[in-house]
Structure formats: C-alpha cells, structure tokens
Amino acid sequence: MLNDKTITQGLAAPYFTDAWWVSPMNFAPGAFPERLRQQEIYIHDVTLRDGEQSPGVAFKEDERIRIAVALDDVGVHRIEVGMPIVSPGVFNAIKEIVNLGLRTEVVPQARAEIYDVNRTMETGAKAIIIVHTINPLHCQHVFGLDTEAIINRINTTIAHARGQGLKAIFMGSDVFRTPLENIREIYG
C-alpha cells in the first residue's frame with residue numbers, strides 16, 4: 001500500500017516540491033510502454049471544470065483566466081473551461097478566455113439542453129462538450145426518460161450545436177455504472 005511518504009520518497013524537483021507533486025507512477029517502469037512513447041500525446045485538461053468540483057475550490061474569474069493562459073503556455077491541446085450556465089462569473093471568464101485567442105482549443109461544457117448550447121454560443125466558443133448521464137437507472141429516475149428518449153435528447157442537442165457552427169463533442173457521464181449494451185446503443 002502506498003502512502004504519502006512512499007509516494008514522495010526519493011523524489012526531487014521538478015517532480016516534488018513543497019507546493020505540488022506529480023505522481024511517481026508516471027515514471028514507474030512500464031508506465032509508458034515503448035509503443036506509447038512513440039505516439040503523439042493529446043492533452044485534454046479538465047482543471048477549470050472538474051477540478052473546481054473539489055471541496056473548497058471555487059476559481060475567481062481572474063484565476064480561471066490565469067490558469068487557462070498557463071495551460072496554453074505549456075502546450076495543452078484542449079482546455080475544458082467550465083459550464084457557462086453555472087454563474088455569471090464563470091460565463092464572463094470563459095468569454096474572456098475565448099477572446100484571448102489562445103492556441104489551445106477552448107471548450108465549454110453544457111448539459112444536453114438547447115438553452116445551455118445557446119448560452120455557450122454567447123461566449124464566442126467554437127466548440128462545445130455536451131454531457132448527459134447514460135446510466136439507464138439515473139435517466140429513468142431523475143429525468144423520467146428511457147434510453148431511446150436520451151438518445152433523441154442527445155442527438156437533438158448535438159444537431160442544434162452543429163447547426164450553430166459549433167464543433168460538438170458528446171461525453172456520456174456515469175458510464176462505469178451503465179450496462180455495456182446501453183453504452184453501445186447510445187454511442188452507436
């Protein structure tokens with residue numbers, strides 16, 4: 001079993017400092033087989049969306065912008081910048097990030113709702129991640145929808161986004177508790 005002492009033992013900067021550390025598992029023998037080292041790696045960062053879901057974390061507008069700029073500076077390919085629908089502060093920060101003209105692809109996230117897509121359009125973003133749970137129990141008990149209705153909702157929202165000129169990416173949530181046949185049906 002690994003603990004903080006085992007994880008950080010023997011690590012030196014830049015892998016471990018008083019402020020942050022990178023998992024030594026990234027450097028363990030076999031972590032990146034030779035065949036993977038020869039492939040280009042595409043980095044999709046979720047710090048500004050998923051990272052903010054950590055207890056006690058709420059980025060201010062200027063922090064969100066500084067993080068996006070830093071991620072762009074290190075060469076991150078795509079930044080999931082948050083959900084414009086969440087608050088005026090998140091919306092404003094996303095709009096500012098889009099207006100910076102970063103090299104990275106700036107991608108807000110939205111629920112599979114037309115209103116969310118329209119709000120995202122107001123940021124000036126060129127791409128969108130549309131998310132919806134695909135777990136049939138969650139869909140049935142929370143949304144009152146069967147798998148066919150969820151597929152229709154997803155397709156309608158994606159078609160609307162594409163019709164507005166957005167690059168639309170679908171992300172199903174709660175996949176690990178979803179039966180494989182449902183995953184295949186929804187993604188098929």
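The values are calculated or read from the model by the stated rules, or taken from the named source; none is laboratory data. Because the structure is a prediction, the values reported are computed rather than measured. In this analysis, Cβ positions are derived from the backbone assuming ideal geometry, glycine residues included, and neighbour counts consider all displayed protein chains. What goes into the accessible areas is simple: the full protein's heavy atoms, side chains included, and nothing from ligands, DNA or RNA. Shrake-Rupley method; radii C 1.70, N 1.55, O 1.52, S 1.80 Å.
Descriptive notes on the structure:
- Restricting attention to the range 105-127, the residues that are β-branched (Val, Ile, Thr) and either farther than 19 Å from GLU61 by Cα or at pLDDT below 95 (or both) add up to 2.
- Evaluation of LEU145 against the conditions (1) assigned to a helix (DSSP H, G or I); (2) modelled with pLDDT under 95 shows that the sole unmet condition is (1).
- Subset of the range 144-188 that is more than 19 Å from MET83 (Cβ to Cβ) and of a type in the set (Asp, Glu) - its residue that is nearest to the chain's Cα centre (by Cα): GLU185
- Near pairs, Cβ below 6 angstrom, 6+ apart or cross-chain, from the range 168-184 (touching a residue at least 12 places away in the same chain (Cβ under 8 Å)) to any residue that is assigned to a loop (DSSP other than H, G, I, E, B) and surrounded by 12 or more Cβ atoms within 10 Å (Cβ to Cβ): GLY172/ILE134; ASP174/ASN135; ARG177/ASN135; THR178/ILE134; THR178/ASN135
- Selection status of VAL69, more than 17 Å from the chain's Cα centre (by Cα) and among the hydrophobic types (A, V, I, L, M, F, W, C): no
- Of all residue pairs spaced 6 or more apart or on separate chains, those with beta-carbon atoms under 6 Å, a first member in the range 53-64 that is in contact (Cβ under 8 Å) with a residue 24 or more places away in the chain and a second member that is of a type in the set (Asp, Glu) and not in a loop (DSSP other than H, G, I, E, B) are PHE59/GLU52.
- Being surrounded by 13 or more Cβ atoms within 10 Å (Cβ to Cβ), at pLDDT below 95 and not hydrophobic (A, V, I, L, M, F, W, C) is a description that applies to GLY172.
- Note on the range 35-50: residues that are open to solvent by less than 100 Å² (accessible area, probe 1.4 Å) and farther than 16 Å from SER87 by Cβ total 7.
- Any chance LYS126 is under 21 Å from ASP50 (Cα atoms), surrounded by fewer than 14 Cβ atoms within 10 Å (Cβ to Cβ) and touching a Gly at 6+ places or on another chain (Cβ under 9 Å): yes
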